[in-house]
Amino acid sequence: MIAVTSHNISDERIEEIVEHIEQEGARAHVSKGTDRTVIGIIGKADPKLQEQIAQMKGIEEVIKISKSYKLASRDFHPDDTIVDIKGVKIGGEHFVVMGGPCAVESPEQIDEIAGLVKAAGGQVLRGGAFKPRTGPYSFQGIGIEGLKWMQEAGRKHGLLTVTEIMSAEHLDVIAEHVDIFQVGTRNAQNFDLLRELGQSQTPVLLKRGFSSTYDEWLNAAEYVLAGGNANVMLCERGIRTFESYTRNTLDLNAIPVLQHLSHLPIISDPSHGTGRRELVVPMSKASVAAGANGLIIEMHPDPDNSMTGDGVQSLYPDQFEELLDDLGKLVPLMGKKFEASNSLVTAK
Ligand code: PEP
Ligand code: MN
């Protein structure tokens with residue numbers, strides 16, 4: 001349920017109501033919006049409690065929410081969530097680009113690419129150190145050493161970093177070196193991992209499972225939020241359909257639908273969503289037009305020799321640069337800002 005408070009309610013009164021809810025054995029979650037404060041009530045769908053709260057001073061109405069996810073829903077949190085990572089804002093009107101290779105390959109490679117991402121105007125360096133490969137004999141990623149190279153490249157070029165976490169055993173070491181955990185499509189419903197990420201305060205980029213419905217995806221986000229980590233971003237990366245020309249089908253419907261259902265930022269991944277380099281630029285622009293809060297794009301200066309098969313979907317640096325130039329014009333048309341001011345300062 002959610003309790004909508006009256007416009008002029010005081011903080012003390014909100015606290016009293018929260019106390020009452022907790023005394024009744026439910027959890028209360030206060031969300032202060034620009035317009036109103038709403039109190040989400042989780043864990044007890046008791047009609048008597050609903051009636052009681054509805055009659056309390058300062059409460060305008062109590063609405064029953066039938067969705068299985070609560071904290072992820074816009075009902076509970078009417079305003080957009082803006083995740084602030086070291087001053088870089090993601091969500092609402094703040095648009096970001098995350099760029100980099102599929103996998104971290106060497107210190108030189110990640111340093112060179114970080115320089116290219118920064119020069120083009122990106123804010124976040126992507127790169128996998130632990131790679132979830134379909135076959136066990138394929139390159140599985142550099143591992144911990146790769147995290148250190150990423151951290152160095154990020155610091156040197158003034159970029160945030162994002163890397164995939166496959167196992168909770170790496171939670172501490174990744175959080176120590178990298179700014180954002182990426183949960184890959186293959187782990188999108190690894191509930192033990194999601195629960196562990198909820199115990200951390202490090203932001204999470206939660207990819208959509210390749211066969212997850214919106215409801216399943218938002219419930220996956222709920223696992224992280226319910227643990228106390230409010231810094232969750234969603235990532236549409238394409239779903240499996242009957243079409244085989246493209247690697248996946250980038251579901252652009254997801255962007256406005258998820259923005260309607262949820263307050264969490266949504267990032268689009270046209271690289272995995274299409275699997276084809278020539279489609280990455282048009283689908284990046286289409287994602288912006290659909291309202292995405294950012295993009296995550298694979299880019300590699302020598303994609304033919306990249307260590308994962310994802311070279312075929314990686315942009316060349318000049319294509320990446322040109323795309324970001326165009327985004328400088330396109331993003332403002334969508335009422336968002338894609339600005340150098342939303343960046344880390346380059347380390348000297
Ligand atoms: C990746 O980002 O390189 C990756 C493996 O993504 P996904 O989990 O979407 O396949
Ligand atoms: Mn990849």
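If you go through the stretch 51-99 and keep only what is closer than 24 Å to His7 by Cβ, at pLDDT below 95 and hydroxyl-bearing (Ser, Thr, Tyr), you end up with nothing. Of the set (1) away from ligand 2 (no atom under 16 Å from the Cβ); (2) in contact with a Pro (Cβ under 9 Å, 6 or more places away or on another chain), all apply to Ala254 but (2). With respect to the conditions (1) within 23 Å of Thr308 (Cα to Cα); (2) surrounded by 19 or more Cβ atoms within 10 Å (Cβ to Cβ); (3) hydrophobic (A, V, I, L, M, F, W, C), Leu218 lacks only one, and its number is (1).
Got a sec? Which helices (runs of 4 or more DSSP H) wholly within the stretch 230-304 have at least 3 residues that are within 15 Å of ligand 1 (Cβ to nearest atom)?
Numbers: elements: 254-261, 270-274, 277-290.
Qualifying helices (runs of 4 or more DSSP H): 270-274, 277-290.
Which one is modelled with the highest pLDDT among residues in the stretch 33-46 that are touching a strand residue (DSSP E or B) at 6+ places or on another chain (Cβ under 9 Å) and surrounded by fewer than 15 Cβ atoms within 10 Å (Cβ to Cβ)? If you could, list the steps in order and put the result at the bottom.
Residues of the stretch 33-46 that are touching a strand residue (DSSP E or B) at 6+ places or on another chain (Cβ under 9 Å), as a first pass: 36-44.
Going one step further and asking which of them are surrounded by fewer than 15 Cβ atoms within 10 Å (Cβ to Cβ), we end up with 43-44.
On the way: Gly43: 81, Lys44: 68.
Restricting to residues being touching a strand residue (DSSP E or B) at 6+ places or on another chain (Cβ under 9 Å) and surrounded by fewer than 15 Cβ atoms within 10 Å (Cβ to Cβ), the top hit is Gly43.
For Asp326, the criteria (1) within 16 Å of ligand 2 (Cβ to nearest atom); (2) surrounded by fewer than 23 Cβ atoms within 10 Å (Cβ to Cβ); (3) of a type in the set (Asp, Glu) hold in every case but one, which is (1).
List every residue pair whose Cβ atoms sit under 7 Å apart, with the two residues 6 or more apart in sequence or on different chains, where the first one lies in the stretch 290-311 and is touching a residue at least 24 places away in the same chain (Cβ under 8 Å) and over 21 Å from Ile266 (Cβ atoms) and the second, anywhere, is within 16 Å of ligand 1 (Cβ to nearest atom) and acidic (Asp, Glu). These pairs meet every condition: Met307/Glu105; Asp310/Glu298. Take the residues in the stretch 183-223 that are β-branched (Val, Ile, Thr) and within 16 Å of ligand 1 (Cβ to nearest atom); name whichever of them is nearest to Ala129 (Cα to Cα). Among those residues, the one meeting the criterion is Val183. Thr308 meets all of the listed conditions (1) crowded, with 17+ Cβ neighbours inside 10 Å; (2) at pLDDT below 95; (3) away from ligand 1 (no atom under 16 Å from the Cβ) but one, namely (3).
Scanning the stretch 121-137 for residues that are away from ligand 2 (no atom under 16 Å from the Cβ) and under 20 Å from Ile85 (Cα atoms) yields Gly121, Gly122, Gln123.
Residues in the stretch 101-152 that are within 13 Å of ligand 1 (Cβ to nearest atom) and of a type in the set (Ser, Thr, Tyr): 2 in all.
Matching residues to (1) among the hydrophobic types (A, V, I, L, M, F, W, C); (2) surrounded by 15 or more Cβ atoms within 10 Å (Cβ to Cβ):
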site: Phe76; (1), (2): yes, yes
site: Thr81; (1), (2): no, yes
site: Lys86; (1), (2): no, no
site: Glu108; (1), (2): no, no
site: Val124; (1), (2): yes, yes
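For the stretch 5-121, no strands (runs of 3 or more DSSP E) sit wholly inside it while including 3 or more residues that are closer than 30 Å to Leu324 by Cβ, basic (Lys, Arg) and without any contact (Cβ under 8 Å) to a residue 12 or more places away in the chain. Of Lys337, Lys285, Lys329, all but one fail to be over 18 Å from Leu116 (Cα atoms) and more than 21 Å from the chain's Cα centre (by Cα); the exception is Lys329. Within the stretch 311-330, the set of residues being within 12 Å of ligand 1 (Cβ to nearest atom) and not small (Gly, Ala, Ser) comprises Gln313 only.
The values are calculated or read from the model by the stated rules, or taken from the named source; none is laboratory data. Being a predicted model, the structure only gives us computed values, none of them experimental. FYI the Cβ positions are ideal-geometry reconstructions off the backbone, even for glycines, and counts take in every protein chain you see.
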